[in-house]
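A.B. asks: Mind having a look at this structure? Questions to follow.
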Amino acid sequence: KHDGLFLGILTDRDVASAKSIMLAYEIWHLFDLVWTRDDSPRGGKNNPDTARQVVECLRKRGVKRRSEMLLVGDSKTDFECARAARIPFVAVLSGFATESEFRSFGVSPESIIPSVAALPALLKQIA
């Protein structure tokens, strides 16, 4: 957000749970959009319509090209959501899937990072 980025979270949690966690970690204020299962009651990230809805929401907020969007995730579901939305994906190894699993899904090695702490450096490389 501080570098002119529009930051959003897409989570399968409900809004109360997501907000509680984000407030506890003092990150709620950093995000322009928090999309929860309350916004997509028909399957959350597992529903391809969710990806399309998020892309449309981003477009309405000024993010016009899919190349300006990036989904960062830690699971196969996150990867599949990005693929359904036809937006770039970065895999984070601090969650559910391993590097070998991400590679088996088709994620390129340069799009796999050890944690979200490595994200700023990656964003500078691809900007």
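A.B. asks: What's the extension gain from E101 to Q125 if we count 0.36 nm per residue and subtract their Cα-Cα distance?
C.D. replies: In short, 6.2 nm is gained.
A.B. asks: Something else about it: Got the relative contact order for the chain handy, in percent, Cα pairs under 8 Å and 6 or more residues apart? It would help to have the intermediate numbers written out before the result.
C.D. replies: Details: 152 pairs, mean separation 20.8, N = 127.
RCO, the chain: 16 percent.
A.B. asks: Averaged per residue, what accessible surface does the chain expose to a 1.4 Å probe, in Å²?
C.D. replies: 62 Å²
A.B. asks: Identify, among V72, L58, S40, the residue whose Cα sits farthest towards the positive end of the charge dipole of the chain, taking +1 on the Cβ of Lys and Arg and -1 on the Cβ of Asp and Glu, with the dipole about the Cα centre.
C.D. replies: My answer, from the dipole projection, is L58.
A.B. asks: Keeping every protein chain in place, order S104, S40 by accessible area at 1.4 Å, biggest value first, i.e. largest first.
C.D. replies: Values: S104 90, S40 5 Å².
Final ranking, largest accessible area leading: S104, S40.
A.B. asks: May I pose another question? In terms of solvent-accessible area of protein heavy atoms at a 1.4 angstrom probe, what is the ranking of V92, V15, V34, highest value first? List each step's numbers first, then the result.
C.D. replies: Values: V92 5, V15 70, V34 30 Å².
Highest to lowest solvent-accessible surface, that is V15, V34, V92.
A.B. asks: Whole-Hz Karplus ³J(HN,Hα) for the stretch 81-88, in order, using 6.51 cos²θ - 1.76 cosθ + 1.60 and θ = phi - 60°, x for Gly and Pro?
C.D. replies: So the Karplus estimates, Gly and Pro as x, are 5, 4, 5, 4, 7, 6, 10, x Hz.
A.B. asks: Ok, one more. Please express the shape of the stretch 43-127 as an equivalent ellipsoid: the semi-axes are the square roots of 5 times the eigenvalues of the C-alpha gyration tensor, given largest first in whole angstrom.
C.D. replies: Working: eigenvalues 88, 55, 19 Å².
Values for the stretch 43-127, descending: 21, 17, 10 Å.
A.B. asks: With a 1.4 Å probe and all protein chains kept in place, how much accessible area does S94 have, in Å² rounded to the nearest 10?
C.D. replies: S94 has an accessible surface of roughly 80 Å² with all protein chains in place.
A.B. asks: Percent of accessible area on the chain owned by carbon and sulfur, 1.4 Å probe? Intermediate results must be reported in sequence, preceding the final value.
C.D. replies: Working: 4210 of 7890 Å².
Roughly 53 percent, rounded to a whole number.
A.B. asks: What size of dipole, in debye to the nearest 20, comes out for the chain about its Cα centre when the only charges are +1 on Lys and Arg C-beta atoms and -1 on Asp and Glu C-beta atoms?
C.D. replies: Using Cβ point charges on Lys, Arg, Asp and Glu, the chain gives about 500 debye.
A.B. asks: May I pose another question? Using a cut-off of 16 Å between alpha-carbon atoms, which aspartates and glutamates can reach K64, once sequence neighbours fewer than 8 places away in the same chain are excluded?
C.D. replies: D32, E56
A.B. asks: Measure off 7 Å from each Cα along the Cα-to-Cβ vector at C57 and S17, then give the distance between these two points in nanometres to one decimal.
C.D. replies: About 1.7 nm separates the two model spin labels.
A.B. asks: Suppose each label sits 7 Å from its Cα in the direction of the beta carbon; what would the R86-E110 distance come out to in nanometres?
C.D. replies: 2.3 nm
A.B. asks: Tell me which residues come under 5 Å, amide H to amide H, from N47 once H is placed; ignore anything under 5 positions away on its chain.
C.D. replies: Distant-sequence amide H within range of N47: zero hits.
A.B. asks: Same structure again: If the label point is 7 Å along Cα→Cβ of F6, which residues in the stretch 62-95 have backbone nitrogen under 15 Å from it?
C.D. replies: Counting only backbone N, you get 62-71, 87-88.
A.B. asks: Just to be sure I understand the model, the point goes 7 Å from the Cα along the line to the Cβ. What's the resulting L93 to K64 distance in nm?
C.D. replies: Label at L93, label at K64, 3.9 nm between them.
The values are calculated or read from the model by the stated rules, or taken from the named source; none is laboratory data. Predicted model, so just to flag it, every value in this text is computed and none were measured. Cβ sites come from the backbone with ideal geometry, for glycine too, and all protein chains shown count toward neighbours. Side chains are part of the model used for accessible areas, which takes the heavy atoms of the whole protein and leaves out ligands, DNA and RNA. Shrake-Rupley method; radii C 1.70, N 1.55, O 1.52, S 1.80 Å.
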